[in-house]
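**Q** To start, I am sharing the structure in question, which I have written as structure tokens.
Here, each number is a calculation from the coordinates, and none is a lab measurement. What you see is a predicted model; the values in this text were computed from it and never measured. Glycine also receives a Cβ, built like all others from the backbone with ideal geometry; neighbour counts cover every protein chain displayed.
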Amino acid sequence: MKKNILIGVCGSIAAYKSAEIVREFKKKKWCVQVVMTEDSMQFTTPLTLAALSGRPVYSDMFEATHFQESHISISEFADIMLVAPATANIIGKIAGGICDDLLTCAVCAFKGPVVLAPAMNENMWNNRIVRGNVEKLKKFGYHFVSPEKGELASGKKGTGRLAQIAKIVSFVEKTVA
Ligand SMILES: Cc1cc2nc3c(=O)[nH]c(=O)nc-3n(C[C@H](O)[C@H](O)[C@H](O)COP(=O)(O)O)c2cc1C
């Protein structure tokens with residue numbers, strides 16, 4: 001089952017794991033288009049994700065690309081969208097209907113299933129505004145692969161680690177099937 005997937009990468013310490021996620025879908029012969037937020041580039045590079053996906057990585061909404069009107073056409077390309085890692089910020093922006101970069105515009109314009117895999121500090125994950133945004137998005141049909149308990153970037157134990165990559169990949173496969 002070959003599919004087209006758009007993978008959104010956000011500015012989380014877990015962003016390095018997006019390289020592994022891209023590889024997993026490429027191994028399955030899926031066509032992978034990566035869209036990075038500007039802040040995600042503090043954590044991983046477009047070069048790495050372009051090399052692994054075999055396609056240029058998009059991030060700048062105003063850059064002329066192979067796509068005409070990239071914020072709309074990249075969402076038409078995809079059968080499913082995965083945002084992994086999803087920051088508290090992107091969850092809040094999507095829940096608020098904010099479209100101020102390529103990734104939030106693409107999510108807003110997309111008619112198919114969207115899967116979000118959050119990763120953040122435990123206090124951020126437990127924040128009532130963040131949880132409210134998650135619940136709001138779930139009600140609108142957005143899918144979540146919840147973060148897991150374990151050692152966080154701070155060295156402390158808590159809930160907020162990006163879910164296991166195998167779990168994210170199989171959830172996406174089931175959701176798009
Ligand atoms: C070292 C470091 C690690 C961070 N890790 C996370 C994280 O795991 N999850 C999160 O929601 N925000 C995290 N942040 C904060 C985000 O990078 C920040 O909210 C950023 O504006 C998110 O932008 P984006 O959602 O457009 O990618 C981190 C910030 C720093 C400096």
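**Q** Looking only at segment 105-125, which residues are in a helix (DSSP H, G or I), in contact with a Ser or Thr (Cβ under 9 Å, 6 or more places away or on another chain) and under 30 Å from K156 (Cβ atoms)?
**A** E122, M124, W125
**Q** Run down S59, S53 and say which single residue is of a type outside the set (A, V, I, L, M, F, W, C) and within 14 Å of the chain's Cα centre (by Cα).
**A** Working: S53 fails: within 14 Å of the chain's Cα centre (by Cα).
S59 is the lone residue from the list that is of a type outside the set (A, V, I, L, M, F, W, C) and within 14 Å of the chain's Cα centre (by Cα).
**Q** I want to confirm something. Restricting to segment 94-119 and keeping residues that are near the ligand (Cβ under 9 Å from one of its atoms) and within 13 Å of the chain's Cα centre (by Cα), which single residue is surrounded by the most Cβ atoms within 10 Å (Cβ to Cβ)?
**A** Only one residue tops the list, namely L103.
**Q** Further question on the same structure: Out of segment 120-172, which residues are within 14 Å of the ligand (Cβ to nearest atom) and of a type in the set (V, I, T)?
**A** Within segment 120-172, I129, V130, V134, T159 qualify.
**Q** Same structure, new question: If we scan segment 50-60, do we find a residue that is in contact (Cβ under 8 Å) with a residue 60 or more places away in the chain, away from the ligand (no atom under 16 Å from the Cβ) and surrounded by 21 or more Cβ atoms within 10 Å (Cβ to Cβ)?
**A** Of all residues in segment 50-60, those in contact (Cβ under 8 Å) with a residue 60 or more places away in the chain come to none.
Scanning segment 50-60, I find no residue that is in contact (Cβ under 8 Å) with a residue 60 or more places away in the chain, away from the ligand (no atom under 16 Å from the Cβ) and surrounded by 21 or more Cβ atoms within 10 Å (Cβ to Cβ), so the answer is no.
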